[in-house]
Amino acid sequence: MAEGRLAIYPGSFDPPHLGHVNVIARALAAFDRVLVAVVGNPEKRSLFTPAERMEMIRESVGDHPNLDVDQFDGLLVDYVRARGARTIVRGLRAVQDFEFELQMAGMNRKLAPEVDTLFMMTDADWFFVSSRMVREVASLGGDVSQMVAPSVLARLHRRLAER
Ligand code: PNS
């Protein structure tokens, strides 16, 4: 990746959906470099492995010279510091996200005062989309083809069929 102002966009991305893709595209327009950081989630049972989630992010966004995708474990602020970044990007949907995000941003700022969290309001098209809902709707036979990239849709169907 080229040098310049770096933003880290962390999350579970289980699976990545088009709301995530929208935030990544906008972060790429606002920063020189964007690093999407997939949490390892050792304590949380996820549908996809971190490696699969990283692949799906790349498949959803396509190649971009200023975009990198990585996995992290442990504290987010430790990872942000290790990568030499000062900005965390998070997407905000409706009010239900606010309390959790406020708490997380406050905790991260207490732990690492030099790191700021920057919020992007999710575009109206995606304000109702979450990974949890995508998993649930798909597992019950609902159509999520408008909410995830085609390759993610195929992987979702394959994974759910294996269960
Ligand atoms: O997509 P998500 O699940 O809303 O992302 C949450 C995430 C991964 C950003 C958050 O759980 C996180 O940062 N986890 C790493 C552990 C950590 O640093 N916890 C303290 C944050 S307050």
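Derivation of every value follows stated rules applied to the coordinates shown; laboratory data play no part. Predicted, not measured: the structure shown is a model, and the values here were computed from it. Every residue, glycine as well, gets a Cβ built from its backbone with ideal geometry; the counts of neighbours run over all protein chains shown.
Working value for the chain: equivalent-ellipsoid semi-axes of 25, 17, 16 Å, each the square root of 5 times a Cα gyration tensor eigenvalue, largest first.
Straightening the chain between S151 and D32 buys 40.1 nm, computed as 0.36 nm per residue apart minus the Cα-Cα spacing. Spin-label pair R5-Q71: with each label point 7 Å from Cα along the Cα-Cβ axis, the two points sit 3.2 nm from one another. For K110 and R83, the FRET efficiency from 1/(1 + (r/R0)^6), where r spans their Cβ atoms and R0 equals 22 Å, is about 0.65. Close amide H pairs (under 5 Å, H built 1.01 Å from N) link D32 with R5, residues at least 5 positions away or on another chain. Between R163 and Q103, the modelled label-to-label distance comes to 2.5 nm, taking each label 7 Å out from Cα in the direction of the beta carbon.
Reported to the nearest whole Å, the Cα centre-to-centre distance from region 117-163 to region 73-97 is 22.
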